[in-house]
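Student: One structure is given below, represented as structure tokens, and several questions about it will come after.
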Amino acid sequence: MRKQIVAGNWKMNNDLAQTEALISALKNQTKTTDAEVMIAPTATNLWQAYNALKGTQIEVIAQNMHFAENGAYTGEISASMLKSIGVNTVILGHSERREYFNETDELLAKKVDAALAKGMRVIFCFGEELADRKAGKEEAVVGSQIKNALFHLNAAAFQNIVLAYEPVWAIGTGETASPEQAQDMHAFIRATLADKYGNDIADEVSILYGGSVKPANAEEIFSKPDVDGGLIGGAALNADDFFAIVNAF
């Protein structure tokens, strides 16, 4: 049975004191579902967050990593460096990385390979822009992003892959895909996996929705059969809101 997951992506928010305060608030919350709970603080606070949350229900994950093991890549972080501080899951392919840092499907394939080679779990993000949806190209865009970055992998690799569909037009805009739109796309994604790897693999891969999920809409979105959780942005910066989403299953 595939896992239900709620992952909070803090993006470039919270200095050390703010991170400690938010973690303290999160530790006071109670999880009432079996969903896995993850948070992705900024890189400078990963070690602090890991130590503060060790032994709790919350996993600390990374927002990004480089494909190389080491070398002359100023400012970058490798999979081994993350693993050395207890971080075993990484978000790759977020739309902001694609847009602002020109990350291509080919580059992301290398990052995915590097993470999997070190035994890390990958939350792989993808999604269409508003112009794509208006043109009726959303399935073509999403299908190509998945195939270009992931379809060189063997079936066993998908034990360590979580997919995150994020309609770019619904990130930080206050717009949200309707639950029906989210379900339609998630069903398409699962069918795309099934065409390549078979139904057994497709049915085991968790697919998260990442587009302005809030306490008010989480329950309806999560009720859809192919939506297995959420990659949460702004609402993850408030402990009450974040756990309201976690407990929406």
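Just so it is clear, none of the values below were taken in a lab; they were calculated from the coordinates. Owing to the predicted nature of the structure, the values given are computational and were not obtained by experimental measurement. All Cβ positions, even for glycine, are placed from backbone atoms using ideal geometry, and neighbour counts span all protein chains on display.
Student: In the chain, which helices (entire DSSP H runs) extend 24 Å or more along their own long axis, judged by Cα positions, while averaging at least -1.0 on the Kyte-Doolittle scale?
Tutor: 179-197
Student: Using r as the Cβ-Cβ distance of Arg2 and His152, and R0 as 22 Å, what FRET efficiency do you calculate, to the nearest 0.05?
Tutor: Efficiency, rounded to the nearest 0.05: 0.45.
Student: Among Met1, Met81, Met185, which comes first, second and so on when ranked by fewest other beta-carbon atoms within 10 Å?
Tutor: Ascending Cβ contact count within 10 Å gives the list Met1, Met81, Met185.
Student: Choose one answer from Thr74, Thr44, Thr30: the residue with the largest mean-square fluctuation in a GNM of the chain with alpha-carbon springs under 10 Å.
Tutor: Maximum among the listed residues: Thr74.
Student: Taking 0.36 nm per residue of separation and subtracting the Cα-Cα distance, what length does fully extending Thr33 through Gln48 add?
Tutor: Between Thr33 and Gln48, full extension yields an extra 2.8 nm.
Student: Moving on. Quick check: net charge around Ala25, other residues with Cβ under 13 Å of its Cβ, Lys/Arg +1 and Asp/Glu -1?
Tutor: Details: positive: Lys27; negative: Glu20, Asp240, Asp241.
Residues close to Ala25 contribute a combined charge of -2.
Student: Count the lysine pairs in the stretch 57-178 whose Cα atoms sit under 23 Å apart, keeping only pairs 8 or more residues apart in sequence or on different chains.
Tutor: Count of close lysine pairs: 9.
Student: Which FRET efficiency, nearest 0.05, do Ala135 and Lys110 yield, Cβ-Cβ r, R0 30 Å?
Tutor: It comes to 0.55.
Student: Something else about it: If R₀ is 30 angstrom, what is the calculated FRET efficiency for the pair Arg121 and Gln18, using the beta carbon separation as r and rounding to 0.05?
Tutor: The formula returns an efficiency of 0.70 here.
Student: Between Phe101, Phe188, Phe126, where does the largest GNM mean-square fluctuation fall for the chain, given springs only between Cα atoms within less than 10 Å?
Tutor: Taking springs between Cα atoms under 10 Å, the residue moving most is Phe101.
Student: Taking 0.36 nm per intervening residue step and subtracting the Cα-Cα distance, what contour gain separates Ser84 from Asp184 on full extension?
Tutor: Stretched fully, the Ser84-Asp184 segment lengthens by 32.1 nm.
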